[in-house]
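Encoded as structure tokens, the structure appears first; notes follow it.
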Amino acid sequence: MHNFKRTLNILLLGIFLLSLPSIAQSQKDSIEYMLNINLSGRQISGTFSQLVAAGGINGSAQFKNWHLENKTSYRYNSTNERLIEDNWYELVTLKYYPKGNKRLFPGVFYHFDNNLIYRVEARHHYGIGVGSNLDKGNMQLSILAAVANENSIYNGSEFVNSNLDFANRKNGLFLFKINNGFAFVNKKINISYQLFYFQSLKEVSDFDLWVTPQISFKVLNSLSIHIIYEYRYENVHLEALSDFNSFLIFGVNYTMKSS
């Protein structure tokens, strides 16, 4: 594990040093940005069955060949004086497009969450990967393959499908992510899906699969409504918990972006 961390840190430093020359290049000095604020309700099935409210803020900014993305959400749910959710989710991604080319680019990311449903007190992921974006107007496709380091602290130590009984689980991970979206009726109707696959480099049995289809309808230029279904399967999980949880999300989005 120490060798994996050392290699990952060297790769992170290498991508930063290799991209430094781009700072001196003469390019258009404008910032493209997007800010999305959403409020939603969610129907949960799995370990708990509840109807709850949630909200989040997503933002991105692109300057020259650099693209910074941030996704933040918070969920709170207390039922019958029992706290079910008090969860933060944070994902920060920095991408670098060599000579403006988005067909093949490197990127780094950091992810944090705490999740009472999975009895995770704190989970940290950070890593490096290679991605590709394809924009065909009404169809957009984004692919990412990466290696990462995980440090997770659980409220428990007895796991199903694992021989590693430690509340503090440290892992090297391989992950694969697909975002694919289609626009219809002058982009007033948008259908998309996201697929996330995590594979532990330590245990073959330790893998997660997240699938998230979504449909949104534009009401005004900046306002839309959405319906999202999240399915999350974790093969290794704490005893007494379900190996899957699903979320039906419905709500509104308000978006601000540069022209």
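The values are calculated or read from the model by the stated rules, or taken from the named source; none is laboratory data. Remember, predicted model here, so these are calculated numbers, not experimental data. Backbone-built Cβ (ideal geometry, glycine too); neighbour counts: all protein chains shown.
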Open item on the list: Show the residue pairs meeting these rules: Cβ distance below 8 Å; 6+ apart or different chains; first residue within the stretch 95-113 and touching a residue at least 12 places away in the same chain (Cβ under 8 Å) and within 30 Å of Tyr154 (Cα to Cα); second residue among the basic types (Lys, Arg) and in a strand (DSSP E or B).
Closed with: Gly107/Lys95; His111/Arg123; Phe112/Arg123; Asp113/Arg123
Task: Selection from the stretch 198-223 of residues that are polar (S, T, N, Q) and either within 21 Å of the chain's Cα centre (by Cα) or closer than 27 Å to Phe159 by Cα (or both) - done: Gln199, Ser200, Ser205, Thr212, Gln214, Ser216
Task: strands (runs of 3 or more DSSP E) within the stretch 160-259 that include 2 or more residues closer than 27 Å to Tyr110 by Cβ, of a type in the set (Val, Ile, Thr) and modelled with pLDDT under 95 - done: 244-257
Open item on the list: If I filter the stretch 125-133 for residues that are touching a Ser or Thr at 6+ places or on another chain (Cβ under 9 Å), in contact (Cβ under 8 Å) with a residue 12 or more places away in the chain and assigned to a loop (DSSP other than H, G, I, E, B), do I get at least one hit?
Closed with: no
TODO: Would you please name the residue that is nearest to the chain's Cα centre (by Cα), looking only at residues in the stretch 53-71 that are within 17 Å of Leu91 (Cα to Cα) and surrounded by fewer than 17 Cβ atoms within 10 Å (Cβ to Cβ)?
DONE: Lys71
Task: Leading residue by the ranking (nearest to Ala61 (Cα to Cα)) among those in the stretch 79-89 that are surrounded by 12 or more Cβ atoms within 10 Å (Cβ to Cβ) and modelled with pLDDT under 70 - done: Ile84
- [ ] Give the residues of the stretch 222-244 that are more than 30 Å from Met34 (Cα to Cα) and not charged (D, E, K, R), sorted by residue number.
- [x] Tyr233, Asn235, Val236, His237, Leu238, Ala240, Leu241, Ser242, Phe244
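Quick grid of which residues meet (1) surrounded by 15 or more Cβ atoms within 10 Å (Cβ to Cβ); (2) out of contact with any Pro (no Cβ under 6 Å at 6 or more places or on another chain); (3) of a type in the set (D, E, K, R):
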site: Asn101; (1), (2), (3): no, yes, no
site: Phe105; (1), (2), (3): yes, yes, no
site: Gly131; (1), (2), (3): yes, yes, no
site: Lys136; (1), (2), (3): no, yes, yes
site: Ala146; (1), (2), (3): yes, yes, no
Open item on the list: Checking Ser246 against (1) surrounded by 17 or more Cβ atoms within 10 Å (Cβ to Cβ); (2) under 30 Å from Arg119 (Cβ atoms); (3) touching a residue at least 60 places away in the same chain (Cβ under 8 Å), only one condition comes out false. Which one?
Closed with: (1)
Task: Residue among Ser152, Ser157 that alone is more than 14 Å from the chain's Cα centre (by Cα), at negative phi, surrounded by 18 or more Cβ atoms within 10 Å (Cβ to Cβ) and of a type in the set (Gly, Ala, Ser) - done: Ser152
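So that you can scan it fast, the table gives a plain yes or no per residue for (1) at pLDDT below 90; (2) under 17 Å from the mean Cα position of the chain (by Cα):
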{"position": "Val92", "(1), (2)": "no, yes"}
{"position": "Pro98", "(1), (2)": "no, no"}
{"position": "Phe105", "(1), (2)": "no, no"}
{"position": "His111", "(1), (2)": "no, yes"}
{"position": "Asn115", "(1), (2)": "yes, yes"}
{"position": "Ala122", "(1), (2)": "no, yes"}
{"position": "Tyr126", "(1), (2)": "no, yes"}
{"position": "Asn133", "(1), (2)": "no, yes"}
- [ ] Count, please, the residues in the stretch 160-182 that happen to be in contact with a Gly (Cβ under 8 Å, 6 or more places away or on another chain) and buried (at least 17 other Cβ atoms within 10 Å of the Cβ).
- [x] 2
